[in-house]
1. At pLDDT below 65, over 23 Å from Ile204 (Cα atoms) and either within 22 Å of the chain's Cα centre (by Cα) or of a type in the set (A, V, I, L, M) (or both) - does that describe any residue in region 328-350?
2. Contact list please: Cβ distance under 9 Å, first residue in region 325-343 and small (Gly, Ala, Ser), second residue surrounded by 11 or more Cβ atoms within 10 Å (Cβ to Cβ) and at pLDDT 75 or above, pairs at least six apart or on different chains.
3. So, Leu292, is that one of a type in the set (A, V, I, L, M, F, W, C) and modelled with pLDDT of 70 or more or not?
4. Select from region 67-116 the residues that are out of contact with any Asp or Glu (no Cβ under 8 Å at 6 or more places or on another chain), of a type in the set (D, E, K, R) and assigned to a loop (DSSP other than H, G, I, E, B) and write down the one among them that is surrounded by the most Cβ atoms within 10 Å (Cβ to Cβ).
5. The conditions are (1) without any contact (Cβ under 8 Å) to a residue 24 or more places away in the chain; (2) within 30 Å of Thr372 (Cα to Cα), and Val299 fails exactly one of them. Which is it?
6. Within region 192-201, can one find any residue that is among the hydrophobic types (A, V, I, L, M, F, W, C), touching a Leu at 6+ places or on another chain (Cβ under 9 Å) and either surrounded by 22 or more Cβ atoms within 10 Å (Cβ to Cβ) or more than 30 Å from Gly277 (Cα to Cα) (or both)?
7. On the basis of being of a type in the set (D, E, K, R), modelled with pLDDT of 85 or more and not in a loop (DSSP other than H, G, I, E, B), does Lys171 make the cut?
8. Show the residue pairs meeting these rules: Cβ distance below 7 Å; 6+ apart or different chains; first residue within region 380-406 and more than 26 Å from Phe227 (Cβ to Cβ) and at pLDDT 90 or above; second residue surrounded by 15 or more Cβ atoms within 10 Å (Cβ to Cβ) and β-branched (Val, Ile, Thr).
Amino acid sequence: MLFIKKNVKLISLCIASFVMFIFWLFPYLSNKLIISSKVAFPMECVVILIIGILACLSLIFLKDLYYLYFIIAFVPFVFARPFDAFTVPWSLFVAIGLCIVGIIVRIIRFGFKFKIKPFFYGIVALAFACLIGGIGNFKVFKEQFLLMLVFCACLILLFVYFSSENNCEFKDFALILVALGIFLSLQVLVNYAIKKDPYQAFLIKDIVVGWGISNNIAMILLLLLPFTFYFIFESDGIKHIVFTVIYAFQSACLLVTRSRGAIAVLPFLLLALFIYGVKKTNNKKLFIRSQLITAALAVIFIGVFVFFHREGYKLLLNVFKSQITSFNGRFDIYKDVFSKMKNHYLFGYGLFAPFTNHVDVSGNAYQWSHGTFFQTLYSLGCFGLICLCFHMFEKYFLLIRDRSLPAMIVFFSFIGSGLYGLIDVSYYFINYMILLILLLIVVPIKTPKNTINYFKKVDKDVEC
């Protein structure tokens, strides 16, 4: 009983993570194995309604936001099939409505103290750029304006509310993200497990888990990996070994997504975390040994794969070489972006504008420009690019200036996913944006009292 009392949140996290996995698994298997959405879609709608009710109840009855943050962090990844802004399941709107009711009742019950927190100005700038993006492209702007107005208003209001009322400890939220990393890794394994030939599926990069494909999964894992290291830095003994095994498992699952961009970023991210960890860890010798053993085992595993699967290795190597040489068609997309932005260089074409040369026969395929800055330039124009750069400057500057362990872990998290975002899109992918906003809310940042002065030295500060 004493153990349960001391570890209520950990036990709750384990049970809730398992339930979320079941919520994703049954609709996913129904959709993949029965090959029909007649069963999967209603099942998914029921799941979203249950989650919406739980979120509403947690808002009303629990002052601790920990349980709500768990729901918000996990819910984007329980969808067993893809959808876009125009094919959102009706149950999601009902769930959002329940959450709004929950917030209103919560404000009445517990009150609300407005505070301008760090990262606020960058969020507002980016939201405003998204709202007026494509204003010169009137047809698209007219179609998207109401949707973007609601989205941007909700983004700012929710950021203000939760950042003002945040009472979730960083360590607790970091553990949620570790659980989410395991959750996504298990989704990868299930994807391969249900294939008739998992090895062939790996070779042809056949991975779809409903809410996203291989690149989406790998990018989110890059974002989450540093939080496992947070606990590696902080723990000793058996806990240290457990979190090292979790990190190795997550890294292995990232590798089998075969996302070239994420795989290219991973060694640099791990090296940076290792160097930082040597300085910050509680047990330097244990940390260095565990990391060297993990690296040695990884090299051995790769060597065994190459030795016993030479044909597969040669195939992967040839594919990698050809796609590196051609940059997987990205140069053509970048040229297309630059050629088109001349017509709407100031405010872009709008977030929902299609790439003219890259739409399908139905004319409904909205494709990424495979780079966050290129996507911003095309969708939001030069004004949007300036707003994005301001947001990024604010984000990284405040984290670096703080230099605490939580701030640096979030910094490495953003750096890893941000580097990936140079060759694919991280921003504007809703799953990524939800986690980014939550991190900006939860991470404790010291700023001069009652103001946010980026260039003032932090001496007698308050934690925000």
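The values are calculated or read from the model by the stated rules, or taken from the named source; none is laboratory data. Values in this document were obtained by computation on a predicted structure and should not be read as measured data. Cβ placement follows ideal geometry from the backbone for every residue including glycine, while neighbour counts extend to all protein chains displayed.
1. Start the filter on region 328-350 by keeping residues that are at pLDDT below 65, which leaves 328-329.
Checking the rest, the ones that are also over 23 Å from Ile204 (Cα atoms) come to none.
No, every residue in region 328-350 fails to be at pLDDT below 65, over 23 Å from Ile204 (Cα atoms) and either within 22 Å of the chain's Cα centre (by Cα) or of a type in the set (A, V, I, L, M) (or both).
2. Gly329/His370
3. Against the criterion (of a type in the set (A, V, I, L, M, F, W, C) and modelled with pLDDT of 70 or more), Leu292 qualifies.
4. By that ranking, first place goes to Lys115.
5. (2)
6. Looking through region 192-201, at least one residue is among the hydrophobic types (A, V, I, L, M, F, W, C), touching a Leu at 6+ places or on another chain (Cβ under 9 Å) and either surrounded by 22 or more Cβ atoms within 10 Å (Cβ to Cβ) or more than 30 Å from Gly277 (Cα to Cα) (or both).
7. Values: of a type in the set (D, E, K, R): yes; modelled with pLDDT of 85 or more: yes; not in a loop (DSSP other than H, G, I, E, B): yes.
Yes, satisfied.
8. Gly384/Thr376; Leu385/Thr376
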